[in-house]
Amino acid sequence: MIKNPLLRWLAPMAAVFTAAVLLAPQATAADTAAADTVVARSQHSTLTMSTTSAQPGDTVTFTTSITNNNNTSQPSAMYIVADASLFDVPGTCTPVTGPTPTCEFGDDGNILVALYRIPERQIPAGGTAEARLTVTVRQDAAPGTHSLRLDGAVGRDNSVFTPASVPFQVTSEADVAVGLTATAPPLASTITYRQTATNNGPATTAGGTVTTSLPAQTSSVTGLPANCTYNPADKTVACTFTNLANAATNTNTFTARLNLLSLGSLPANATRTTSTPTDPNPANDTATANCTVLTGLIINC
């Protein structure tokens with residue numbers, strides 16, 4: 001188990017260094033590196049990320065660098081530690097500039113990436129070492145804000161860096177697709193509606209509501225499931241659902257009775273009015289079913 005890898009790497013050193021790392025999205029036109037907060041010598045380190053938030057299964061890239069402002073070559077180390085439940089390990093680590101990095105991944109499941117392990121690798125005076133780490137957010141990563149810990153050191157003097165904790169957001173989305181069909185039995189002034197909510201994922205839908213607006217000629221509604229309610233004032237049926245897994249469908253069927261003098265077009269519209277977590281695709285949030293009354297007892301759908 002890797003409990004304190006920095007101490008393991010820096011055991012020969014007289015002091016323990018912790019590096020403050022500033023965070024900037026990698027997707028911008030140009031990343032601006034900022035110096036660490038340093039008590040003594042200005043030894044710089046930076047981190048850029050392809051994204052500061054991601055969904056389970058997404059790939060995240062970290063680009064880390066250390067600049068040696070000493071007058072001589074210096075041994076250096078830098079690592080990223082994340083909770084074992086956040087990323088799949090191992091990932092991949094590749095050099096960008098400077099000596100080839102030595103990368104490790106903690107045997108306790110935590111991410112551990114070293115740019116340079118002391119004393120095997122050294123950064124020349126005035127030189128910069130940079131490496132890129134790519135990992136995948138675990139499918140079971142809990143939504144919310146997680147904390148990444150960044151540590152490192154340049155040189156063997158007593159320069160002390162401010163510790164850094166970088167937030168990383170795991171987001172969760174579930175695309176709910178709404179469906180609505182209508183059928184009318186012969187010689188009856190009723191229309192039976194089948195309303196559906198299908199979770200296209202990727203996350204489970206904790207809960208939501210689909211509301212169907214019925215034709216204005218509706219006089220009453222029968223056959224409502226227990227999770228649906230009818231509002232006669234605005235002639236709507238609202239149906240709730242909970243814990244809808246990826247690829248699962250919630251189906252509700254009910255019947256609207258029409259006024260005997262109804263004629264013409266009878267449109268009905270079903271709409272996703274609420275759902276948790278966020279629905280990323282509003283294009284499939286509504287569905288329409290249209291029927292036409294020829295006489296009080298003849299309805300075509």
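The values are calculated or read from the model by the stated rules, or taken from the named source; none is laboratory data. Every value quoted in this text rests on a predicted model; they were computed, and no experiment measured them. Backbone-built Cβ (ideal geometry, glycine too); neighbour counts: all protein chains shown.
Tabulated data
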item	result
Enumeration of residues in the range 190-244 that are buried (at least 19 other Cβ atoms within 10 Å of the Cβ), over 27 Å from Thr295 (Cβ atoms), in contact (Cβ under 8 Å) with a residue 60 or more places away in the chain and of a type in the set (A, V, I, L, M, F, W, C)	Ala197, Ala203, Val210, Leu244
Test: residue in the range 272-290 that is outside the structural domain of Gly57 (by TED's automatic domain parsing), touching a Cys at 6+ places or on another chain (Cβ under 8 Å) and either over 20 Å from Gly179 (Cβ atoms) or not aliphatic (A, V, I, L, M) (or both)	yes
Meets criteria (among the small types (Gly, Ala, Ser) and either modelled with pLDDT under 95 or outside the structural domain of Leu244 (by TED's automatic domain parsing) (or both)) for Ala182	no
All strands (runs of 3 or more DSSP E) inside the range 207-250 with 1 or more residues being farther than 25 Å from Asn284 by Cβ	218-222
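Here's the yes/no breakdown for (1) surrounded by 14 or more Cβ atoms within 10 Å (Cβ to Cβ); (2) more than 17 Å from Gly152 (Cα to Cα); (3) aliphatic (A, V, I, L, M); (4) at pLDDT 75 or above:
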residue: Ala30; (1), (2), (3), (4): no, yes, yes, no
residue: Ser65; (1), (2), (3), (4): yes, no, no, yes
residue: Ser85; (1), (2), (3), (4): no, yes, no, yes
residue: Glu120; (1), (2), (3), (4): no, no, no, no
residue: Glu130; (1), (2), (3), (4): yes, no, no, yes
residue: Thr136; (1), (2), (3), (4): yes, yes, no, yes
